[in-house]
Amino acid sequence: TSKEYPWWILDVAEKLGQRCFRVSIPSSMKNKIIIGEHTTARRILTDPLSSKPIEIYGPMRSVNNKGDPGMFTLNGPSWHSKRKASANAFSSNLIQRMNEAALDYTDVFVENLKSEESKGVFDVS
């Protein structure tokens, strides 16, 4: 739970020479499996026989402030219908347009940092 945890996972993956491994740490989720390869994660998440254990995914139900199951906590046909309904939001054309918009804003941000007024100093908090 420390801020260094993501960096520790990357360090372990580098030392092992692979991005899929088991981690046994004292917590309620003993023997976590770390999947750091997108192709493996995709195969697991799209496998119709895989399910999301409530003890792991249950806390995510608080995201919608009601405790109702959502796309990230459902399994089976209910999950599939919600996933299918949101697929257009992740279309390559939409993602490309959003990337272009983000790059435009980033360019403006960088130019503002270079400007005489800011002198490249800004509050990161």
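The values are calculated or read from the model by the stated rules, or taken from the named source; none is laboratory data. Since this is a predicted model, take the numbers as computed values, not measurements. In this analysis, Cβ positions are derived from the backbone assuming ideal geometry, glycine residues included, and neighbour counts consider all displayed protein chains. Note: accessible area is taken over every heavy atom of the protein model, side chains too, but ligands, DNA and RNA are not part of it. Shrake-Rupley method; radii C 1.70, N 1.55, O 1.52, S 1.80 Å.
Within region 9-42, restricting attention to residues that are under 16 Å from the mean Cα position of the chain (by Cα) and among the basic types (Lys, Arg), which residue is surrounded by the most Cβ atoms within 10 Å (Cβ to Cβ)?
Only one residue tops the list, namely Arg19.
Mind listing whichever residues of region 28-64 are aliphatic (A, V, I, L, M) and touching a residue at least 24 places away in the same chain (Cβ under 8 Å)?
As a first pass, look at region 28-64 and keep what is aliphatic (A, V, I, L, M): 29, 33-35, 41, 44-45, 49, 54, 56, 60, 63.
Passing the criteria: Met29, Ile34, Ile56.
Which residue pairs have Cβ atoms under 8 Å apart, sit 6 or more places apart or on different chains, and have a first residue in region 3-27 that is over 16 Å from Glu37 (Cα atoms) and a second that is assigned to a helix (DSSP H, G or I) and open to solvent by 90 Å² or more (accessible area, probe 1.4 Å)?
none
Find the residue count for region 52-91, including only residues that are open to solvent by 90 Å² or more (accessible area, probe 1.4 Å), of a type outside the set (D, E, K, R) and over 18 Å from the mean Cα position of the chain (by Cα).
The qualifying residues number 5.
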